[in-house]
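Asker: Here it is: the structure, laid out below.
The values are calculated or read from the model by the stated rules, or taken from the named source; none is laboratory data. Everything numeric here is computed off the predicted structure, so don't read it as measured data. A quick note on method: Cβ atoms are made from the backbone with ideal geometry, for glycine too, and the neighbour counts reach across all protein chains shown. When the accessible area is computed, the model is the full protein with side chains, heavy atoms only, and any ligands, DNA or RNA have been set aside. Shrake-Rupley method; radii C 1.70, N 1.55, O 1.52, S 1.80 Å.
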Amino acid sequence: MSTETFRFSKSLKNLNALLIIIPMILLFVGVYGGLMQTLFRAGIIQSDPFMGGDYYKGLTIHGVLNAVVFTTFFAVALANALIPFSLKKALNSKMAWTSGILMLVGSVMAGFMMLIGEATVLYTFYPPLKAHPLFYIGLTLLVIGSWVAFASYIPMYLSWRKENPDKKTPLAVVGMLTTFIVWFIATLAVAVEILFMLLPWSLGLVDEINVMLARTLFWMFGHPLVYFWLLPAYVMYYSFMPKLADGKLFSDMAGRLVFMMFVVFSVPVGTHHQYMDPAIGSQWKLLHGVFTFAVALPSLITAFTLAASLEYAGRKRGGKGLFGWITKLPYFDKEKWFFSYLIAGLVIFIFGGISGIVNASYQMNTVVHNTAWIPGHFHLTVAGPVLLAFLGGSMYLIHQFLSKPVKMKGWTLSVPYIYTIGVFIFSWGMMRGGLLGMPRRTNTGASYANPDSVLYQPDWMPYIDISVVGGVIMFIAIVIYIVAFFATVFAKSESTEEEAVITFPISEPLHDEPSTWLRNFKPFIIITAILIILSYTPVIYDVVTSTYGGSLPYSPDSPVPLR
Ligand code: HAS
């Protein structure tokens, strides 16, 4: 462990602890919603016994709380801790609190609307499904809160740069800043969608909405959103994992290049979610498809760099022969429990990545689009590597900020492995069923899994049941984690100080290349802007010129418009 430490005031310590604890409670509500999804799909339940409501309400709660709220809070909490620690500069307390309060108020508003059934619009909130205005306002506050956090990091970074003109920016800071650059650019599109389209329509100021334009703006945001989830996990893989394995990061330059490539390629690819949509020319879909393969490159570089870093660590720990190093890594070392969250996620991501490349290929996409294959894919990405890295990171941060010992270490260590078994079973069931045509986002239990229904599909049943088994195992892993997390929160503090003194396991590079050309963010942001203009101008033009009129609002429960 690094001996470097950084001191946070009592107020910032409390804020950061809240930013980790509150979303953990919301995550649990969301994960419970996930369990309910598998049971709904299999026809085991028809209504949620605790929260009431049907499949679609539960799916909205599951998606929004887990994929949008928990992830945004964690990214801010990690940046709030890692940037000051790495630059040795204090966070601006006023801005940090403003951001935390905005995010909290926004999440509570959106969460409440979903809970009372006024926002059953799923996490993509595609019109013509309509939510209560407070749902959209809540999400807007969550995003603005995260922007305030980002705005507070910029002066810290610039003043550090001024004071240290010859030093390389710490890799962890490069990673966290790229995370928020991608986020900021992406959220501009959803801000336009919400402020100029969804909100006026939901308030009744306009009657109709252009569904295709709203979907296009959503995916302009929605694809980079997945890299906003992935990048904090990559920061932990690059910065912490080699050190946790007693090794070094194989190449510092590879890490920097990867983060810059995500800035450039994360945004101009969103149309791969709309390959099957009308109104967009196929030549522009091809262009986005090519960029989608480009955005897989930084992950392929990551696979190589991390494997090389792990090999170095395994050999240092006595591994011999071609693969002997693999067996020497600290998978079951209780003191290195954090390593298990990172390595399990990486192994899952091999399959998440492969399925992503399948999705990106136009012809293959025609087979899997809107089938259960897609949730299979994203449980091997956002609900695999990202979730596990964020759970490990949350446990680490809370233990550091509250100076509490991690409790139930054996159980804590076992969570990622139990979860991995669950997610592989779950995703295999979903993907196999998807290849047989099993749809996603459908209350299967109410129709296809019901032997009395004309829609009954006996071929899908084994795969629906396999998904239930996987879903239950995933849920059990998260319950164990939540118990260990709160046992840690309520443990006796190891420090008498009111402030928090925190440290991180920062890896040293094995090859520390100068990489001067990667020091400045500006050229990469300029290239990004050019690519976005080139790739999205024709898409938006096509959508605007080939659609006319709009749609009245609907809810999933009713075949007639709401007004
Ligand atoms: Fe995706 C749909 C394509 C990555 C999330 N994706 C989704 C959706 C979500 C999502 C949520 O092209 C559903 C959206 C919805 O609701 O409709 N995705 C890709 C591609 C990648 C990709 C090409 N996706 C992600 C990540 C996500 C995510 C990351 C979340 C965090 N995805 C698509 C497409 C669709 C899509 C289409 C639309 C489908 C449709 O029709 O609707 C790539 O970025 C993947 C690159 C990854 C790799 C893997 C690298 C492997 C690594 C592990 C190395 C392991 C080591 C361990 C070293 C190339 C880094 C060694 C082990 C030892 C033991 C030593």
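Asker: What does the charge add up to near F504, with Lys and Arg as +1, Asp and Glu as -1, over the other residues with Cβ less than 11 Å from its Cβ?
Answerer: 0
Asker: May I ask you to derive the relative contact order of the chain, considering only C-alpha pairs under 8 Å and at least 6 residues apart, and to give it as an integer percent?
Answerer: Dividing the mean separation by the residue count of the chain yields 22 percent.
Asker: Just the projected area, averaged over all directions, of the convex hull on the alpha carbon atoms of region 1-114: how many nm²?
Answerer: 8.6
Asker: Can you give the helix-only mean residue ellipticity at 222 nm for the chain, where every DSSP H stretch with n ≥ 4 adds -39500 (n - 2.57) and the sum goes over all residues, rounded to the nearest 500 deg cm²/dmol?
Answerer: Rounded to the nearest 500, the figure is -21500 deg cm²/dmol.
Asker: Count charges around F521 for me, please; just the other residues with Cβ under 12 Å from its Cβ, Lys/Arg as +1, Asp/Glu as -1.
Answerer: Result for the local shell: +4.
Asker: Give me the base-10 log of I(q)/I(0) for region 472-563 at each q in 0.10, 0.11, 0.13, 0.14 Å⁻¹, Debye formula, one uniform scatterer per Cα, rounded to two decimals.
Answerer: The Debye formula, applied to the Cα set alone, gives -0.93, -0.98, -0.96, -0.93.
Asker: Let me ask something else about it. Dipole of the chain (Lys/Arg Cβ +1, Asp/Glu Cβ -1, origin at the Cα centre): which of L122, S515, A344 lies farthest to the positive side?
Answerer: Final value for the positive-end residue is S515.
Asker: Turning to a different aspect of this structure: Please give the per residue accessible area of region 41-118, computed with a probe of 1.4 Å over protein heavy atoms only, in Å².
Answerer: Spelled out: the 1.4 Å probe surface of region 41-118, per residue, equals 35 Å².
Asker: Moving on. Would you mind putting 53-64, 418-429, 144-155 in packing order, based on average other-beta-carbon counts within 10 Å, highest first?
Answerer: Packing proxy ranking, top to bottom: 53-64, 418-429, 144-155.
Asker: Among 533-541, 457-465, 40-48, how do they line up from the highest to the lowest mean number of other beta-carbon atoms within 10 Å?
Answerer: Highest-to-lowest ranking by the protection proxy: 40-48, 457-465, 533-541.
Asker: Here's a follow-up. Among the aspartates and glutamates, select those whose C-alpha is under 20 Å from the C-alpha of K57, and discard any that sit fewer than 8 residues away in the same chain.
Answerer: D48, E118, D557
Asker: How much of the pair distance distribution for the chain lies past 40 Å, counting alpha-carbon pairs only, in percent?
Answerer: Taking all Cα-Cα pairs of the chain, the fraction more than 40 Å apart is 21 percent.
Asker: From the cross-link list K94/K409; K316/K407; K243/K285; K336/K492; K10/K130, which pairs have alpha carbons spaced over 31 Å apart?
Answerer: K94/K409; K243/K285; K10/K130
Asker: Rounded to the nearest percent, how much of the accessible area of the chain (1.4 Å probe, protein heavy atoms only) is carbon and sulfur?
Answerer: After summing per-atom areas, the C and S share lands at 69 percent.
Asker: Right, here's the next one. Nearest 5 percent is fine: what portion of the DSSP beta bridges confined to the chain is antiparallel?
Answerer: Around 65 percent antiparallel, to the nearest 5.
Asker: Using a simple charge model, +1 on the beta-carbon of Lys and Arg, -1 on the beta-carbon of Asp and Glu, nothing else, what dipole does the chain show about its Cα centre, in debye to the nearest 20?
Answerer: 1300
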